[in-house]
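Data first, discussion second: the structure below is written as structure tokens.
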Amino acid sequence: MRLPAVSRYAVRRKLVGALLLAVPVLLAGCGGDSTPSGAAPSGSATATGGTEERAQLAGLVALGRDSSLTAFYTLSAPGQPDRTVGVTRAVDGSWRIDIPGGALGGDADVSVAQNSTGLYQCALPSATNYLDPACVRVGDPGAALASGFDPRIQHAFTDWQEVLTDRQAPISVSTTPLLPGVRGSCFSVESTSASLNPALDVGIYCYEAAGTLTGAKLGFGSLVLAGPPTAAPPTVTLPAPVVDREPLNVAAPAPATEPTTTPTSRSVG
């Protein structure tokens with residue numbers, strides 16, 4: 001029996017409507033997610049670039065940490081004239097950092113050195129402030145200077161290198177433009193920890209391909225390599241004899257105060 005024309009038209013409308021409803025479902029099931037299996041979706045926080053930059057920085061620092069050299073850096077800090085910092089990393093692993101203006105509020109020159117017998121802070125005479133040259137043993141090798149005696153600059157060449165090569169350290173790394181007068185590659189290093197005592201100064205660290213620090217912009221100021229490094233000695237030599245006394249404070253001494261006198265009363269008779 002043939003269906004009436006009106007009935008056949010109604011059946012066709014129902015079939016077309018059902019197909020239209022089914023197409024989006026089929027598309028969603030087959031091609032709605034174009035991300036390959038196991039791949040991170042676009043915009044996910046994989047931080048691939050940061051990981052590569054951190055690995056690049058760690059590789060450069062590792063090269064320099066294992067090499068010996070003698071080098072000089074120009075130190076610029078707000079409110080102070082430029083100074084020349086001497087860095088010696090000897091063949092036997094001992095090191096010495098000479099820091100003009102590193103103590104007594106910038107009035108005294110000091111050297112921080114480490115060899116197999118200990119960590120030392122040494123007072124150095126200068127043209128503006130003569131001090132008896134003397135070294136004070138402040139701890140065993142690998143010890144830390146107390147904050148009041150710590151000029152901090154030596155860390156950029158010693159223990160902060162350990163942090164920059166530690167893939168588990170709470171830092172993030174990104175590339176940044178070269179600092180003025182610096183060659184190589186520069187990296188911005190930020191802390192990812194809320195610690196009040198971060199493992200290193202955040203800022204900018206710059207290295208050349210051989211792993212030599214060519215510049216830095218950190219909390220204490222800016223460092224720029226002043227010339228090509230030269231060969232290092234077999235071991236560092238302390239610049240003065242070792243004495244038993246307190247190391248020099250970083251801060252300037254408190255100004256002397258005039259003694260106050262209490263006026264005496266005299267009776268008039």
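Among Tyr73, Tyr130, what's the order by accessible area (1.4 angstrom probe), most exposed first?
Sorted descending by solvent-accessible area, the residues read Tyr130, Tyr73.
Take each of the peptides 199-205, 143-149, 233-239, average the number of other beta-carbon atoms within 10 Å over its residues, and list them starting from the highest.
Output ranking for 199-205, 143-149, 233-239: 199-205, 233-239, 143-149.
Would you please give the residues with an amide H less than 5 Å from that of Val250, counting only those at least 5 places away or on a separate chain, with H modeled from the backbone geometry?
Leu104, Phe149, Asp150
Students often get this wrong: which residues of region 137-173 have the backbone nitrogen under 15 Å from the point 7 angstrom along Cα-to-C-beta of Thr128?
No residues fall inside that zone.
Along region 91-100, what does the Karplus equation 6.51 cos²θ - 1.76 cosθ + 1.60 (θ = phi - 60°) give for ³J(HN,Hα), rounded to whole Hz, x for Gly and Pro?
Couplings: 4, 7, x, 6, 8, 8, 10, 8, 10, x Hz.
The values are calculated or read from the model by the stated rules, or taken from the named source; none is laboratory data. This one's a predicted model, so the numbers in the text were calculated from it and none came from an experiment. In this analysis, Cβ positions are derived from the backbone assuming ideal geometry, glycine residues included, and neighbour counts consider all displayed protein chains. When the accessible area is computed, the model is the full protein with side chains, heavy atoms only, and any ligands, DNA or RNA have been set aside. Shrake-Rupley method; radii C 1.70, N 1.55, O 1.52, S 1.80 Å.
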